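Only one structure is covered here, and it is reproduced in the block below.
Quick note: the coordinates plus some simple rules give every number you see, no bench work behind them. From a predicted model like this one, the values you see are computed outputs, not experimental measurements. Glycine gets a Cβ as well: all are built from the backbone with ideal geometry, and neighbour counts include every protein chain shown.
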């Protein structure tokens, strides 16, 4: 935003501090009015014909804008993607621990990527890994839903779960 003497236009549509339209004035006249009020002349719509300028306290305006941005940042929730790795020959207790981790991440509002790496001869029995992944997806439906179906990519089998709305 351009303020006071940085405004380049010859004529401006001026709005006073109360929000009333003053009309189209030359820059010098508008600056004089702003100085008499003890405020700044701020160009708020430079693309308009003629550009629109407002008489206001610029430092107070900037402070209010920053305050609004801080409030908006406080209210936003960033979704993280957590990864849980499982093996195709996972035991029952380990499976329950991983399932509990997945449920915890989903209840916090994070996405979960479940990945399974096949090593050596495990590639011969991909269906065992698919069974484990599908069982995880089914057991986690209480707090999450499938975003991406289980997909085999080379030696990696993976899927993504997202929290339920």
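Our summary gives the chain a relative contact order of 16 percent, counting only alpha carbon pairs under 8 angstrom and 6 or more residues apart.
In the chain, the DSSP-assigned H stretches of four residues or longer account for a calculated mean residue ellipticity at 222 nm of -12000 deg cm²/dmol, using -39500 (n - 2.57) per stretch and the full residue count as denominator.
Short-range pairs are left out: with C-alpha atoms under 8 Å and at least six residues apart, the relative contact order of region 4-73 is 29 percent. Note on region 1-93: Kirkwood radius taken over Cα pairs, Stokes-Einstein applied at 20 °C and 1.002 mPa s, translational D equal to 131 µm² s⁻¹.
Length available on full extension from residue 6 to residue 61: 0.36 nm per residue minus the Cα-Cα distance, which gives 18.1 nm.
Rounded to the nearest 5, the antiparallel percentage of DSSP beta bridges internal to region 81-163 is 70%.
Sorting 119-127, 66-74, 24-32 by their mean Cβ neighbour count within 10 Å, with the most densely packed peptide first, gives 24-32, 119-127, 66-74. The angle separating the long axis of helix 27-37 from the principal Cα axis of greatest extent in the chain is about 90 degrees. Modelled this way, with points 7 Å down the Cα-to-C-beta line, the labels at residue 28 and residue 134 are 8.4 nm from one another.
Taking the DSSP beta bridges with both ends in the chain, the antiparallel portion is around 75 percent. Quick check: from the Cα gyration tensor, does the chain come out rounded (a/c under 1.5), prolate or oblate? The shape class here is prolate. Spatial offset of region 89-149 relative to region 1-58 amounts to 62 Å, using the alpha carbon center of each.
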